[in-house]
Amino acid sequence: MTAAPTEPISRRRAPRGSARRNIVAAATELFARRGYEATSVQEIVAAAAVTKGALYHWFGSKSELLTSIYRELLAEQTARLREIADGPGPVAERLRAAAADVVAHTAAHVDELTVWARSAHLIDGEHADATRRERRRYHDLFRDLVLEGQSAGVVRTDVSATVITHTFLSALGNTHTWFHPDGPLTFTEVGHQLVALFVGGLRPPEPSASPTPADDRSEPRA
């Protein structure tokens, strides 16, 4: 009896439990290398060794796949920040820990976050709205920790908590526009320097400066 022909290696399917992980990994690599717009669904399923049906089982569209990659990381990052914010210790220590954790999480997922930063403007509708809401929750949680520091007298009050929050998170989020892996510093080292600038800039000015407290209510909700 003739044995049934085996499927070529390039066409073998991934085990069911790993299909979603393979799709996300393949999409991230292709989006980073080729760009979101230039990458087709067929290229993703071929790289992930799954069928189109498997991809559409997990993700309704290519845009949902992109937003899902970011939203899952954002949910993880938000949970980590909440744990730090609600934890024990002086607020100054928790602020430093929160800033350092953002750097650590970003460094661990720099490819995925860079893909999102470069492609987010291409997403609209429900996926974009949901992502903005979740990002706002994260920003508000970080800002609330800064406000706690201001109330405790360890964070300057002449700059609003909103400006402080956006300045740090934007500086970290925009590193993909200028950071080069073959440069003199690693991404983690750059992040640690941003944390040092952030923490150093939080300190209240000398009393002789007589700063005018900033009105946080007037800040735009970006």
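In the list 38, 49, which residue meets the criterion of being surrounded by 13 or more Cβ atoms within 10 Å (Cβ to Cβ) and not assigned by TED's automatic domain parsing to the domain that holds residue 169?
The match here is 49.
Being open to solvent by less than 10 Å² (accessible area, probe 1.4 Å), at pLDDT 90 or above and under 13 Å from the mean Cα position of the chain (by Cα) narrows it down to one residue among 145, 95, 81; which is it?
Only one candidate qualifies: 81.
For the range 96-128, what are the residues that are within 18 Å of residue 193 (Cα to Cα) and among the basic types (Lys, Arg)?
Hit for the range 96-128 is 96, nothing else.
Out of all the residues in the range 103-114, which are open to solvent by 10 Å² or more (accessible area, probe 1.4 Å) and either aliphatic (A, V, I, L, M) or in contact with a His (Cβ under 9 Å, 6 or more places away or on another chain) (or both)?
Passing the criteria: 104, 107, 108, 110, 113, 114.
Scan the range 34-51 residue by residue and report those that are polar (S, T, N, Q) and assigned to a loop (DSSP other than H, G, I, E, B).
Scanning the range 34-51 gives 39, 40, 51.
Being over 12 Å from residue 27 (Cβ atoms) and either assigned to a helix (DSSP H, G or I) or touching an Asp or Glu at 6+ places or on another chain (Cβ under 7 Å) (or both) narrows it down to one of 66, 81, so name that one.
81
Could you list, in sequence order, all residues of the range 117-135 that are touching a residue at least 24 places away in the same chain (Cβ under 8 Å) and open to solvent by 50 Å² or more (accessible area, probe 1.4 Å)?
The answer is 118, 122, 135.
Return yes when residue 34 is among the basic types (Lys, Arg) and under 20 Å from residue 176 (Cβ atoms) and no when it is not.
So residue 34 passes the test.
Look through the range 52-62, keep the residues that are open to solvent by 20 Å² or more (accessible area, probe 1.4 Å) and assigned to a loop (DSSP other than H, G, I, E, B), and return whichever of them is nearest to residue 173 (Cα to Cα).
Restricting to residues being open to solvent by 20 Å² or more (accessible area, probe 1.4 Å) and assigned to a loop (DSSP other than H, G, I, E, B), the top hit is 61.
For the range 82-108, give me the residue count where each residue is touching a residue at least 12 places away in the same chain (Cβ under 8 Å) and under 19 Å from residue 134 (Cβ atoms).
Qualifying residue count, the range 82-108: 8.
Of the residues that make up the range 63-70, is at least one open to solvent by 40 Å² or more (accessible area, probe 1.4 Å), in contact (Cβ under 8 Å) with a residue 40 or more places away in the chain and within 19 Å of the chain's Cα centre (by Cα)?
Yes, some residue in the range 63-70 is open to solvent by 40 Å² or more (accessible area, probe 1.4 Å), in contact (Cβ under 8 Å) with a residue 40 or more places away in the chain and within 19 Å of the chain's Cα centre (by Cα).
Restricting to the range 153-210, and then to whatever is without any contact (Cβ under 8 Å) to a residue 24 or more places away in the chain and charged (D, E, K, R), can you tell me which residue is least open to solvent (accessible area, probe 1.4 Å)?
Result: 189.
The values are calculated or read from the model by the stated rules, or taken from the named source; none is laboratory data. Everything quoted here is computed from the prediction, not taken from an experiment. So basically every Cβ, Gly included, is an ideal-geometry build from the backbone, and we count neighbours across all protein chains shown. Each accessible area value is taken on the protein alone, full model and side chains, heavy atoms only, with ligands, DNA and RNA left out. Shrake-Rupley method; radii C 1.70, N 1.55, O 1.52, S 1.80 Å.
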